[in-house]
Amino acid sequence: MRFRYAADPLCGAACTLYALNRWALRPHTHSAFMRFHFNDLLLIPAALPLLLWLQRRLGLRTHDAPPDAGEIALHFVVWSVVAEIIAPHFAHATGDWRDVLAYAIGALAAWAWWSVTPANTVAAQPR
């Protein structure tokens, strides 16, 4: 079985929810969660499949299996450090431990989806 990358249902749903919240809901809500943390939950499910697809095209990823716990954890740690520790020193941004918590919850949910849901894979085509 091979991973569907951007065609993965979780990736599509996360990207759709991100866009909906970013451009339709967030400007009209006063909810701190929806304004500051909801999209952080979607980071791993939305961005990781796209990044893994790019890594596969560049030859940095040697397989088309769904992301495993190690790949998810590595990207979670890298994105957390970059977004919450490094970026505030170079951009108008504030590091927030609650963002890291949201990344972690999204990563755990994505791992659960990708490790037990066969709908995110398609049969590998013979070469």
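The values are calculated or read from the model by the stated rules, or taken from the named source; none is laboratory data. Remember, it's a predicted structure, so these values are computed and weren't measured experimentally. Please note: Cβ atoms are built from the backbone with ideal geometry, for glycine as well, and neighbour counts cover all protein chains shown.
The figures follow:
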read-out: Some residue of region 75-86 being under 24 Å from Thr16 (Cα atoms) and polar (S, T, N, Q); value: yes
read-out: Of residues in region 67-86 being over 30 Å from Ala24 (Cβ atoms) and of a type in the set (D, E, K, R), the one surrounded by the fewest Cβ atoms within 10 Å (Cβ to Cβ); value: Asp68
read-out: Residue count, region 87-102 (criterion: in contact with a helix residue (DSSP H, G or I) (Cβ under 9 Å, 6 or more places away or on another chain), exposed (fewer than 14 other Cβ atoms within 10 Å of the Cβ) and among the hydrophobic types (A, V, I, L, M, F, W, C)); value: 2
read-out: Evaluation of Asp64 against (1) charged (D, E, K, R); (2) touching a helix residue (DSSP H, G or I) at 6+ places or on another chain (Cβ under 9 Å); (3) surrounded by fewer than 16 Cβ atoms within 10 Å (Cβ to Cβ) (one fails), failing number; value: (3)
read-out: Meets criteria (of a type in the set (Ser, Thr, Tyr), under 23 Å from Phe3 (Cα atoms), touching an Asp or Glu at 6+ places or on another chain (Cβ under 9 Å) and at pLDDT 95 or above) for Tyr103; value: yes
read-out: Test: Leu25 is farther than 18 Å from Arg98 by Cβ and either touching a residue at least 24 places away in the same chain (Cβ under 8 Å) or over 11 Å from the mean Cα position of the chain (by Cα) (or both); value: yes
read-out: Within region 52-61, considering residues that are out of contact with any helix residue (DSSP H, G or I) (no Cβ under 9 Å at 6 or more places or on another chain) and more than 17 Å from Val78 (Cα to Cα), the one surrounded by the most Cβ atoms within 10 Å (Cβ to Cβ); value: Arg57
read-out: Which listed residue, of Pro45, Pro49, is surrounded by 17 or more Cβ atoms within 10 Å (Cβ to Cβ) and out of contact with any Pro (no Cβ under 9 Å at 6 or more places or on another chain); value: Pro45
read-out: Odd one out for Ala73 among (1) more than 24 Å from Ala6 (Cα to Cα); (2) touching a residue at least 24 places away in the same chain (Cβ under 8 Å); value: (1)
read-out: Qualifying residue in region 21-31 (condition: at pLDDT below 95, farther than 19 Å from Ala83 by Cα and among the β-branched types (Val, Ile, Thr)); value: yes
read-out: Counted residues, region 58-70 - those being among the acidic types (Asp, Glu) and either out of contact with any strand residue (DSSP E or B) (no Cβ under 6 Å at 6 or more places or on another chain) or farther than 20 Å from Arg4 by Cα (or both); value: 1
read-out: Failed condition for Ala119, given (1) at pLDDT 95 or above; (2) in a helix (DSSP H, G or I); (3) more than 20 Å from Tyr18 (Cβ to Cβ); value: (1)
